[in-house]
Amino acid sequence: MTNEELWQAALGEIELSISRANFITWFKNTSILSNENGKVIIGVPNGFSKEWLENKYRNYIIKALKNFYGDIKDISCTIYNPSFVASDKPKNVDAIKSPLTQKGMGPSASYEISSLAISSNLNPRYIFENFIVGESNELARAACYAVSQNLGRAYNPLFIYGGVGLGKTHLLQSIGNEVLKKDSSKKIRYITSERFASELIDSIKNQKVSEFKNDYQKIDLLIIDDV
């Protein structure tokens, strides 16, 4: 059994043991880089996945791997981007890159995405990569990331509740920025509930409800903050 076959078999087992949202969030774009002397090294796309797989899902992974390869003793994760293979950069990169400066995206592309974010009322600095994950917000972060990867299918709608200063706005805007990173053609609008209510009232007052509805029906992702 090749490393790829082993990992796909293990993923099938893991998917049955955890929620669909968590599986998509933490196991997407992962692979086995090496399997030697009972130790498996798993390549992951970012630091969040590395931390969660090693600390939260280690036992799940080891158990799943042992079902198909009994000599597994331990696992570890390393941040791995195949695009680095042909460059002078090492495969193990612990620094998290901003999506606006990834390989293949020059200054013009970065500016375009930033401009799109601003036109959508999004702050381009609010991204998943720089959101600080803790025990109180790890589930919310996982749910928001799942939404960004499966727009319109995962947690539709998603409602986040929490106290002031806990990062709700950062998470909500991260969804929009992640969606724009994946597909810049998506129409996204971030708006406060107060502003949304004001627009609705104005449309009723000025007998422009149809225009209001048509405007919002064109949106692929609507983010309402401070409800």
Full extension between residue 68 and residue 123 adds, at 0.36 nm per residue less the Cα distance, a length in nm of 15.2 nm
Using a Cα-Cα cut-off of under 12 Å, which aspartates and glutamates could be cross-linked to residue 56, ignoring same-chain neighbours fewer than 8 residues away? 135, 138
Candidate aspartates and glutamates - alpha carbon under 16 Å from residue 181, same-chain residues fewer than 8 apart omitted: 112, 129, 220
Put +1 on the Cβ of every Lys and Arg and -1 on every Asp and Glu Cβ in region 142-227; which of 212, 151, 227 then has its Cα farthest towards the positive end of the dipole? 151
In nm, the gap between the two label points placed 7 Å beyond Cα toward Cβ at residue 203 and residue 28 is 3.0 nm
Residues of region 48-69 with backbone nitrogen within less than 11 Å of a virtual label 7 Å along the Cα-to-Cβ line of residue 138, please, listed as ranges. 51-58
Flagged links, alpha-carbon separation over 18 Å, of 186/208; 28/168; 187/218: 186/208; 28/168
From a point 7 Å beyond the Cα of residue 4 in the direction of its Cβ, which residues of region 34-54 have a backbone N at a distance under 19 Å? 34-36, 41-45
Heavy-atom accessible area order for 196, 27, largest first, 1.4 Å probe: 196, 27
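The values are calculated or read from the model by the stated rules, or taken from the named source; none is laboratory data. Nothing here was measured: the structure is a model prediction, and the numbers come from that model. No Cβ is skipped: glycine too gets one built from the backbone with ideal geometry, and neighbour counts run over all protein chains shown. Side chains are part of the model used for accessible areas, which takes the heavy atoms of the whole protein and leaves out ligands, DNA and RNA. Shrake-Rupley method; radii C 1.70, N 1.55, O 1.52, S 1.80 Å.
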